[in-house]
Amino acid sequence: MPLLNKVRTALPGGSGGDTAARSLSRLRTALTLFFALDGFLFAGWVVRIPAVKEQTGASAGDLGLALLGVSAGAVITMTLTGRLCRRYGSHAVTVVTAVLLSLSVALPALTRSPLALGLVLLVFGAAYGGINVAMNSAAVDLVTALRRPVMPSFHAAFSLGGMLGAGLGGLLAGSLSPAAHLLGLTVAGLTLTAVAGPALLRRPSPVLPETLPAPSAPDGAGTRTAGSRRTVLVFGVIALCTAYGEGALADWGALHLSQDLHAHPGVAAAGYSVFALTMTAGRLSGTALLERLGQTRALVAGGATAALGMLLGALAPSVWVALLGFAITGLGLANIFPVAVARAGAVAGPGGVATASTLGYGGMLLGPPAIGFLADRFSLPVALTTVAVLAAGAAVMGYGARNAGASRDS
């Protein structure tokens, strides 16, 4: 994989090696906490969607339109966050967007109409999109500095935070109002940002390759560049297909269990927690899995597993079978997104990482509104089967791109 960022790191055992190692270790811990916070806050919101839907009197279509506010806000900031990171550094942008996300998560519970919900979700989506781009940029820098493939661990922290946020939401669903719950998340988010933020702010972001003079292009470079862009787009679409499933389960999984299978509110909230648990387990073991199977086989196996699991979760006749399907889906989707982003980076460096990440998170944010529109036209279980279709498509595309940007794949 090419050097993604220009980072000067002391070698182990060299002068300053221990100090550099400790500094990078503290930076990794702080960044891991921000990934976990992102998942925790997002899950805390999504498990209260049924209650907020009832509070605002929204239909499935109205809710889908309101959720489009998250997508719109995120898309706007995702196109700007890269520039902000280049100007101010990804660390500073991560801290600022974490504060904004913590403040905005309390807003949905204060609304009383679908229009108001959509407007506040626009703000929430802007903060959510910004922190995800900034965190991933910071993570790419740190992976290069450490010279170790630790990216799955950051995504595992996001999933673990989601699991904890959903589990806590399930426990509080029957006893605490959405307003009190989400306000508590604001306090927790601001507290963690105050604790972990200084570690990021004290260490400036590494210099990005975009700031360096461009080398002269050899003959045929234009053709290779065009081919690289197409390959990056393929891996970006793979990330989109799988993130679509994560977003769909986050926003609609609890509603499917409560509305279609008549689950208790606490059990319904546990649906996303089960999904996040198995995704966390899959990502914690992701490095070993990739070393054993290779990237292509991991992509294909993950997509096929997720497709089967989501068919089971969407069409199951009982709550417990649906929960099993959600668990299988989490295992299948666990490592596809990190692998797709890494493969895009192997082809086109930081630009490839940015493109694939933006497409991937776009899928996570655009998927839930699409599910809402399909649920209105057909039914929620039928709408959720699109997750299986896209996961299967990711497996096919992953196999088709097996020879792109990977020198050590099998």
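If we keep just the residues of the range 255-268 that are in a helix (DSSP H, G or I), among the hydrophobic types (A, V, I, L, M, F, W, C) and open to solvent by 10 Å² or more (accessible area, probe 1.4 Å), which is farthest from ALA314 (Cα to Cα)?
VAL267
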Pick from the range 146-180 the residues that are surrounded by fewer than 19 Cβ atoms within 10 Å (Cβ to Cβ) and closer than 25 Å to LEU289 by Cβ: which of them is modelled with the lowest pLDDT? PRO149
Selection over the range 73-113 where residues are more than 17 Å from LEU182 (Cα to Cα) and open to solvent by less than 40 Å² (accessible area, probe 1.4 Å) yields a count of 15
Quick one: would you say VAL143 is surrounded by fewer than 20 Cβ atoms within 10 Å (Cβ to Cβ), of a type outside the set (Lys, Arg) and either in contact with a Pro (Cβ under 7 Å, 6 or more places away or on another chain) or not in a loop (DSSP other than H, G, I, E, B) (or both)? no
Hey, any hits in the range 222-242 for a residue that's modelled with pLDDT of 80 or more, open to solvent by 50 Å² or more (accessible area, probe 1.4 Å), assigned to a helix (DSSP H, G or I) and out of contact with any helix residue (DSSP H, G or I) (no Cβ under 8 Å at 6 or more places or on another chain)? yes
For the range 82-104, what are the residues that are under 16 Å from the mean Cα position of the chain (by Cα) and among the hydroxyl-bearing types (Ser, Thr, Tyr)? THR94, THR97
Of ALA327, ALA301, which residue is touching a Phe, Trp or Tyr at 6+ places or on another chain (Cβ under 9 Å), surrounded by fewer than 23 Cβ atoms within 10 Å (Cβ to Cβ) and modelled with pLDDT of 90 or more? ALA327
Just the residues that are of a type in the set (Lys, Arg) and either closer than 21 Å to GLU246 by Cα or touching a Lys or Arg at 6+ places or on another chain (Cβ under 6 Å) (or both), please, taken from the range 268-296. ARG283
Which pairs turn up if I take residues in the range 372-401 that are of a type in the set (S, T, N, Q) and look for partners that are part of a helix (DSSP H, G or I) and open to solvent by less than 30 Å² (accessible area, probe 1.4 Å) with beta carbon separation below 8 Å, at least 6 apart in sequence or on another chain? THR385/MET310; THR385/ALA314; THR386/TYR244; THR386/ALA248; THR386/ILE371
Of LEU365, LEU384, LEU359, LEU312, which residue is crowded, with 21+ Cβ neighbours inside 10 Å, modelled with pLDDT of 90 or more and assigned to a helix (DSSP H, G or I)? LEU384
The lone exception for GLY125 - which of (1) over 22 Å from ALA180 (Cα atoms); (2) modelled with pLDDT of 90 or more; (3) buried (at least 24 other Cβ atoms within 10 Å of the Cβ) it fails: (1)
Is it true that ALA322 is within 23 Å of GLY165 (Cα to Cα) and open to solvent by less than 10 Å² (accessible area, probe 1.4 Å)? yes
Taking only the range 259-288 into account, find how many residues are free of Cβ contacts under 8 Å to residues at least 24 places away in the same chain and under 16 Å from GLY44 (Cβ atoms). 0
Can you pull out every residue in the range 63-108 that is among the small types (Gly, Ala, Ser), in a helix (DSSP H, G or I) and modelled with pLDDT of 90 or more? ALA92, ALA98, SER102, SER104
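Which residue, of LEU65, LEU33, is under 16 Å from the mean Cα position of the chain (by Cα), open to solvent by 40 Å² or more (accessible area, probe 1.4 Å), in contact (Cβ under 8 Å) with a residue 40 or more places away in the chain and farther than 22 Å from GLY266 by Cβ?
So the residue among LEU65, LEU33 that is under 16 Å from the mean Cα position of the chain (by Cα), open to solvent by 40 Å² or more (accessible area, probe 1.4 Å), in contact (Cβ under 8 Å) with a residue 40 or more places away in the chain and farther than 22 Å from GLY266 by Cβ is LEU33.
The values are calculated or read from the model by the stated rules, or taken from the named source; none is laboratory data. Keep in mind that this is a model prediction, so the values were computed, not measured. Note: ideal-geometry Cβ built from the backbone for every residue, glycine included; neighbour counts use all protein chains shown. These area figures cover heavy atoms from the full protein model, side chains too; ligands, DNA and RNA do not enter into them. Shrake-Rupley method; radii C 1.70, N 1.55, O 1.52, S 1.80 Å.
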